[in-house]
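The values are calculated or read from the model by the stated rules, or taken from the named source; none is laboratory data. If you're wondering where the values come from, they're calculated on a predicted model, not measured in any experiment. Glycine gets a Cβ as well: all are built from the backbone with ideal geometry, and neighbour counts include every protein chain shown. SASA here: full protein model, heavy atoms, side chains in, ligands and nucleic acids out. Shrake-Rupley method; radii C 1.70, N 1.55, O 1.52, S 1.80 Å.
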Amino acid sequence: MKDVNWYTGSLFSLGVFAFVKSLFTWNIDPIWPFILITALVIVLDLFPIILPNGHEFVFGSIGSLLILFEFGFSACMLSFVISYTFIFLKKYRSFRKIKWFRYFTSLGMTFIALSISYALINVTENINLLIRVFLVASAFEIINYFLFIGIRRTVLGIPVSHNLTTTIPTQMILILTYVTALPRLLSINSHDLIKLGNELISTAIFMLIIIFLSRAYSKDITKRKQTETELRKNEAKYRHITENTSDLIWVLDVNGVFRYASPSSKWVLGLEPEELEGKFMIRRVHPENASNLRKVYTEAIRTKRSYQAEFRYRHSGGDWVIIEAHGKPVIGENGDVESIVVVARDVTKRKQTEELLRKSDKLSAVGQLAAGVAHEIRNPLTTIKGFLHLIKSGSCKVEYLDIALSEIERMESIINEFLMLSKPQAKNFKITDPRILIKNVITLLTTQAILKNVQILYEFDSNVPFVMCDENQLKQVFINLIQNAIEAMPDGGNILIHVKKPDTGNILIRVIDQGHGISEDRIHRLGEPFYSTKEKGTGLGLMISYKIVQEHNGTIEVQSKINEGTTVDVLLPSYREEAGGFDAQSQNR
């Protein structure tokens, strides 16, 4: 056993001796005061008083020392035997579970402390009662305590100095309590049972009131400490998350001033959190994004709703980092927004990858268009070549020159569209007529469609409003959609493109083919990278198309039936001049 050593073994032996001696050598007269005091001892031992500092005080020793003064050593030892039995029963619930080694060790400690205290009672018989009680109580508590820390030292290895510094104030409170209560009780003749009983009852009632109040107070303290502990744990947990996440975590006030910046600011932006805190967030935002971001932030505070934004932010090295941010307003008790919690991340590499994919898809589209464009250019070249031979032979008419010039203009138009698609260009959002955009795309794809025995038809409503868009990007979207429609009809057919304005304030561009169709279980996967319904397709074309339309705050919806065809709806926000233009999060990125 871990508890057993020479020191605790000696105390155990003394405890067994004290137990046997108290049971067979007690001589108590009168018996009723002893029973009454012992009952008080048991109550005070079973229900310790808990003070505001959290310490528990067991005041049953007051009654035991009263018995020591009035009835002698054996009677007092007997009261401790009875009291300890109840205490251990409360702790272990049954006699079988009681750890008897500890029980008798505790009795051994008490036996030594009581022996010295009883000797002091006899030695100090002729001195002032108050001083006498102080000396006896001090001897009992201090000796008992040093015996206890001896157990902690030999069993647990805890230094003696540690125990002295932490519990001397506790012992002083106990001793002062003895000095206050015992002289009053000792002044009553133990044979005057009525007076002693009244005094004990009043003392017991007073102690029970203290116990009740201390218990109620301790429950409140316990609850508060549990709450504080839980808060500390949560704070430590969330601090651990914020200090180790790669995402940026910011807290901004309603004016957009940093109140907190996570340590990730260092490796994402090259800035220490202290360099950001107290400064306006907008000051490092790219000028082209600042105005729109300010509107989004103000709107989030006004509506008390979360927002999402994408903007460029200046790195400490001078480069621009593309930030994707999600902000959530924090509502105070008065119902107003107190701050905005922002979780953001660096998406620069992701954007670069998307741009590479977009260029790859564009090159693929250019490659597919090349044969059709070559065919489209060859026809006017043949016509021009014929007229040049006629002119060379001396047969020159003005009509020949007009036809040759019209063919050259047609070639120029096709080449310009081809170059517009193929060469890299910076994003440029501008007001665009969607009907003209669709006509230009049809011009590029007509020859390819004819080669596949496909006819491209179109219908344009007369009241279609303009859109704010990057024209080249949307051309890429519709080239992808129309090429998919052409490839879906290997035996030929018709493609209908309808541009109209529904009642929602948006613009609908619908592409309908008569192809083999797509099953419902595959439609929801369209737009995933490397997922394609074509045998040699990569799926990148549709993925890029979805992304471009999303960046224009639009949507793509696909409906299809097997062997009947597919309908693709592209819904784009119409340009609203009174609203200041296109309601995108950022028109330049």
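Couple of notes before you dig in:
- Within the range 294-324, the set of residues being without any contact (Cβ under 8 Å) to a residue 60 or more places away in the chain, out of contact with any Ser or Thr (no Cβ under 6 Å at 6 or more places or on another chain) and of a type in the set (A, V, I, L, M, F, W, C) comprises A300, I301, W320.
- Residue count, the range 295-344 (criterion: within 22 Å of G270 (Cβ to Cβ) and among the β-branched types (V, I, T)): 5
- Any chance A290 is touching a Pro at 6+ places or on another chain (Cβ under 7 Å) and either open to solvent by less than 30 Å² (accessible area, probe 1.4 Å) or assigned to a strand (DSSP E or B) (or both): no
- Within the range 455-499, the only residue that satisfies the criterion of being under 11 Å from L572 (Cα atoms) and open to solvent by 40 Å² or more (accessible area, probe 1.4 Å) is F466.
- Test: E125 is crowded, with 18+ Cβ neighbours inside 10 Å and acidic (D, E): no
- All positions within the range 135-156 that are open to solvent by 60 Å² or more (accessible area, probe 1.4 Å), under 24 Å from L78 (Cα atoms) and either in contact with a strand residue (DSSP E or B) (Cβ under 6 Å, 6 or more places away or on another chain) or modelled with pLDDT under 85 (or both): I142, F146, F148
- Those residues of the range 518-543 which are modelled with pLDDT of 70 or more and surrounded by 18 or more Cβ atoms within 10 Å (Cβ to Cβ), in sequence order: I518, L526, L542, M543
- Cross-chain or 6+ apart pairs with Cβ under 7 Å, the range 334-353 first and within 21 Å of V254 (Cα to Cα) and modelled with pLDDT of 85 or more, then open to solvent by less than 100 Å² (accessible area, probe 1.4 Å) and assigned to a helix (DSSP H, G or I): V337/I301; I340/A300
- For K359: the one exception among (1) of a type in the set (D, E, K, R); (2) surrounded by 15 or more Cβ atoms within 10 Å (Cβ to Cβ); (3) at pLDDT below 85; (4) farther than 30 Å from S406 by Cβ: (2)
- Test: residue in the range 79-89 that is in contact with a strand residue (DSSP E or B) (Cβ under 6 Å, 6 or more places away or on another chain) and either more than 17 Å from G108 (Cα to Cα) or at pLDDT 85 or above (or both): no
- Cβ separations smaller than 9 Å between residues 6+ apart or across chains give the following pairs from the range 121-134 residues that are within 21 Å of S61 (Cα to Cα) to residues that are among the hydroxyl-bearing types (S, T, Y): L129/S187; I131/T124; R132/T124; V133/Y178; F134/Y178.
- The condition of being modelled with pLDDT under 75, farther than 18 Å from V136 by Cβ and of a type in the set (V, I, T) does not hold for I35.
- Subset of the range 296-319 (residues that are surrounded by 14 or more Cβ atoms within 10 Å (Cβ to Cβ) and assigned to a helix (DSSP H, G or I)): V296, Y297, A300, I301
- For D253, the conditions (1) surrounded by 18 or more Cβ atoms within 10 Å (Cβ to Cβ); (2) modelled with pLDDT of 90 or more; (3) more than 15 Å from V347 (Cβ to Cβ); (4) not β-branched (V, I, T) all hold with the exception of (1).
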